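This report concerns only the one structure given below.
The values are calculated or read from the model by the stated rules, or taken from the named source; none is laboratory data. Owing to the predicted nature of the structure, the values given are computational and were not obtained by experimental measurement. With ideal geometry, Cβ positions are generated from the backbone for all residues, glycine too; neighbour counts draw on all protein chains shown.
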Amino acid sequence: NAGVTQTPKFQVLKTGQSMTLQCAQDMNHNSMYWYRQDPGMGLRLIYYSASEGTTDKGEVPNGYNVSRLNKREFSLRLESAAPSQTSVYFCASNRDRGWDEAFFGQGTRLTVV
Amino acid sequence: AQTVTQSQPEMSVQEAETVTLSCTYDTSENNYYLFWYKQPPSRQMILVIRQEAYKQQNATENRFSVNFQKAAKSFSLKISDSQLGDTAMYFCAFMKHDPGAQKLVFGQGTRLTINP
């Protein structure tokens, strides 16, 4: 049981380049999330998807787009990377009922130079 | 909007000691959940313990327990008999009871070091 799988684990981009972070979960969860982690700021929600076919903005959505490709996969796209997007990105998923535990991927360390 | 505050950026204790990590939150909601997550150097986020706001009894999981003070909006984590493997970042998190997606709001984190 793989849980939540993110790719890649590390990435270096030049300013202005684009890339897509991939996330897949095998737990049949309805809800999926993208967070970014910055020193001294904890994890902040970028976008989320409550179910297949729906996406919503979180706290810090500017500069990002997402796609809920199917129930398993939720991708995060940076169209034109900026140094301010240097961060560690986490994908997570959970069921949409009650206080179910959120399961996290191992994170992607992204550096924009 | 909800906010979560962890006022201790770093803490350090000796192995086998007891340590308490502080967390306060701000919300106008009555139904919610609180969590402590551990992030070791591997970066993996691991759920340590959770508390339902409507339950007055404090949650416990082996060496980990919480002191939940709803009126004071405080949710501290106590680690007893600390071990070297407890060295990690610890995040307090809030989740509003909502239909649909259960979004987490995290505190800034506390870096805990257990010294031999």
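Condition check: among the charged types (D, E, K, R), farther than 28 Å from A:K9 by Cβ and assigned to a strand (DSSP E or B). Does B:K55 satisfy that?
no
Hey, among the residues in segment A:67-93 that are free of Cβ contacts under 8 Å to residues at least 60 places away in the same chain and not in a strand (DSSP E or B), which one's nearest to the other protein chains (Cβ to nearest Cβ)?
Within segment A:67-93, the first condition is being free of Cβ contacts under 8 Å to residues at least 60 places away in the same chain, and the residues that meet it are A:67-77, A:84-88.
Cutting the leftovers down to not in a strand (DSSP E or B) gives us A:69-72, A:84-86.
On the way: A:L69: 17, A:N70: 17, A:K71: 14, A:R72: 16, A:S84: 18, A:Q85: 18, A:T86: 15 Å.
The qualifying residue nearest to the other protein chains (Cβ to nearest Cβ) is A:K71.
If a residue must be without any contact (Cβ under 8 Å) to a residue 12 or more places away in the chain and within 11 Å of another protein chain (Cβ to nearest Cβ), how many such residues does segment B:60-101 contain?
Of the residues in that region, 4 qualify.
I'd like to know if segment A:94-101 contains one or more residues that are modelled with pLDDT of 95 or more, more than 10 Å from the chain's Cα centre (by Cα) and either within 14 Å of chain B (Cβ to nearest Cβ) or within 29 Å of B:P41 (Cβ to Cβ) (or both). Before the answer, list the steps.
The initial filter retains those residues of segment A:94-101 that are modelled with pLDDT of 95 or more, namely none.
No, segment A:94-101 has no match at all.
Can you tell me which residue is farthest from the other protein chains (Cβ to nearest Cβ) among those in segment B:28-59 that are aromatic (F, W, Y) and touching a residue at least 40 places away in the same chain (Cβ under 8 Å)?
Across segment B:28-59, the extreme among qualifying residues is B:W36.
If I ask for residues that are within 16 Å of A:R95 (Cβ to Cβ), of a type outside the set (G, A, S), assigned to a strand (DSSP E or B) and facing another protein chain (nearest Cβ under 9 Å), which ones from segment A:20-55 would you list?
Within segment A:20-55, the first condition is being within 16 Å of A:R95 (Cβ to Cβ), and the residues that meet it are A:25-33, A:48-52, A:54.
Then keep just the ones that are of a type outside the set (G, A, S); that gives A:25-30, A:32-33, A:48, A:52, A:54.
Narrowing further to those that are assigned to a strand (DSSP E or B): A:25, A:32-33, A:48.
Correct list: A:M32, A:Y33, A:Y48.
Tell me, which residue of segment B:102-116 that is touching an Asp or Glu at 6+ places or on another chain (Cβ under 7 Å) and of a type in the set (A, V, I, L, M, F, W, C) is farthest from the other protein chains (Cβ to nearest Cβ)?
B:I114
Considering each residue of segment B:90-101, count those that are out of contact with any Asp or Glu (no Cβ under 9 Å at 6 or more places or on another chain) and either basic (K, R) or over 24 Å from A:N30 (Cβ atoms) (or both), and give that number.
2
Given the criteria within 15 Å of A:Q85 (Cβ to Cβ), within 11 Å of chain B (Cβ to nearest Cβ) and within 12 Å of the chain's Cα centre (by Cα), does A:Y64 qualify?
Values: within 15 Å of A:Q85 (Cβ to Cβ): yes; within 11 Å of chain B (Cβ to nearest Cβ): no; within 12 Å of the chain's Cα centre (by Cα): yes.
Spelling it out, it is not the case that A:Y64 is within 15 Å of A:Q85 (Cβ to Cβ), within 11 Å of chain B (Cβ to nearest Cβ) and within 12 Å of the chain's Cα centre (by Cα).
Can you find, within segment B:8-43, the residue that is surrounded by the fewest Cβ atoms within 10 Å (Cβ to Cβ) among those that are modelled with pLDDT under 95 and farther than 22 Å from B:K103 by Cα?
Selected residue: B:P41.
Mind listing whichever residues of segment A:102-113 are in a strand (DSSP E or B), within 14 Å of another protein chain (Cβ to nearest Cβ) and farther than 21 Å from B:G100 by Cβ?
Of everything in segment A:102-113, those that are in a strand (DSSP E or B), within 14 Å of another protein chain (Cβ to nearest Cβ) and farther than 21 Å from B:G100 by Cβ turn out to be A:T108, A:R109, A:L110.
What number of residues in segment A:20-59 are surrounded by fewer than 17 Cβ atoms within 10 Å (Cβ to Cβ) and among the hydrophobic types (A, V, I, L, M, F, W, C)?
2
Could you please find all residues in segment B:93-116 being under 18 Å from B:S28 (Cα atoms) and crowded, with 20+ Cβ neighbours inside 10 Å?
Those that are under 18 Å from B:S28 (Cα atoms) and crowded, with 20+ Cβ neighbours inside 10 Å: B:A93, B:F94, B:M95, B:Q102, B:K103, B:L104, B:V105, B:F106, B:G107.
How many residues are assigned to a strand (DSSP E or B) and either touching a Phe, Trp or Tyr at 6+ places or on another chain (Cβ under 6 Å) or not acidic (D, E) (or both) if we restrict to segment B:1-51? First the steps, then the outcome.
First, pick out the residues of segment B:1-51 that are assigned to a strand (DSSP E or B): B:3-5, B:10-14, B:19-21, B:24-26, B:32-39, B:46-51.
Now drop any that are not either touching a Phe, Trp or Tyr at 6+ places or on another chain (Cβ under 6 Å) or not acidic (D, E) (or both), which leaves B:3-5, B:11-14, B:19-21, B:24-25, B:32-39, B:46-51.
Here the count works out to 26.
From the residues in segment B:65-112 that are of a type in the set (D, E) and in a loop (DSSP other than H, G, I, E, B), which one is nearest to B:Q6 (Cα to Cα)?
B:D81
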